[in-house]
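Below you'll find the structure, written out as structure tokens, and then a few comments.
The values are calculated or read from the model by the stated rules, or taken from the named source; none is laboratory data. Note that the structure is predicted; figures quoted are calculated from it, not measured. Accessible surface is based on the protein model in full, side chains and every heavy atom, while ligands, DNA and RNA are left aside. Shrake-Rupley method; radii C 1.70, N 1.55, O 1.52, S 1.80 Å.
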Amino acid sequence: MYKKILIAIDGSELSFTALRNGLKLAQILGADVVVVTVTEKWSALEVAAQVRCGENHPIEQYEEAAREAASNIAEQGKNVADELNTDFRFIHVADQHPAMGIVSLAKEQGCDLIVMGSHGRSGLEKVLLGSVAQNVLTLSPIPVLVEKSATSE
């Protein structure tokens, strides 16, 4: 069935639930797993504001913070994998919109399933903010399994 699964995590509790369930599915299927976290490109407006406040190297500071956040997310993911006695390959995609980074990496890695969490936004919030999961569903040529929050309706 599925031979290589990409699991997207963002540090949220729901993304780690998706990771746990995706790893269990991979164990059952004997599939390889690639885990990804995506950090967006720095905002020009935010950088300008930081420069006005006296920051000397705001882009470098942002990129270092993004690398550190990705490293922390990877470590938390490794803890989940250790609990399940399984493993995965971790990739940090930097400077991309999350949905684009997830779909591009899935294609590049030859994955045949994407697993991710949904933050369960609904109504006006979903319309205004959009959803990474919704964007992945729209962009992905491969199946997407979305872990839905039990509290979202």
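Only Cα pairs within less than 10 Å get springs; with that Gaussian network setup on the chain, which residue of Leu14, Leu25, Leu113 has the largest fluctuation?
For the chain, modelled as a Gaussian network with Cα springs under 10 Å, the answer is Leu25.
Determine by what factor the alpha-carbon radius of gyration of the chain differs from 2.2 N^0.38 Å, reporting the quotient.
Values: Rg = 16.4 Å, N = 153, 2.2 N^0.38 = 14.9 Å.
Relative to the 2.2 N^0.38 Å estimate, the chain comes out at 1.10.
Solvent-accessible area per residue for the chain at a 1.4 Å probe radius, Å²?
Using a 1.4 Å probe on heavy atoms only, each residue of the chain averages 58 Å².
Pairs of lysines 8 or more apart, or on different chains, with alpha carbons under 16 Å: count those in the chain, would you? Provide the component values of the computation, followed by the final result.
Details: Lys3/Lys24; Lys3/Lys107; Lys4/Lys24; Lys4/Lys107; Lys24/Lys78; Lys126/Lys148.
For the chain, qualifying lysine pairs total 6.
For the chain, what % of the accessible area comes from carbon and sulfur atoms, probe 1.4 Å? Before the final figure, lay out the partial values.
Numbers: 4590 of 8900 Å².
Result for the chain: 52 percent of the exposed heavy-atom area is carbon or sulfur.
Kindly report, to the nearest 10 Å², the accessible surface of Asp82 as traced by a 1.4 Å probe over protein heavy atoms only.
Near enough 80 Å² of accessible area.
Can you sort Glu13, Glu75 by solvent-accessible area, 1.4 Å probe, largest first?
Details: Glu13 160, Glu75 100 Å².
If we order Glu13, Glu75 from most to least accessible, we get Glu13, Glu75.
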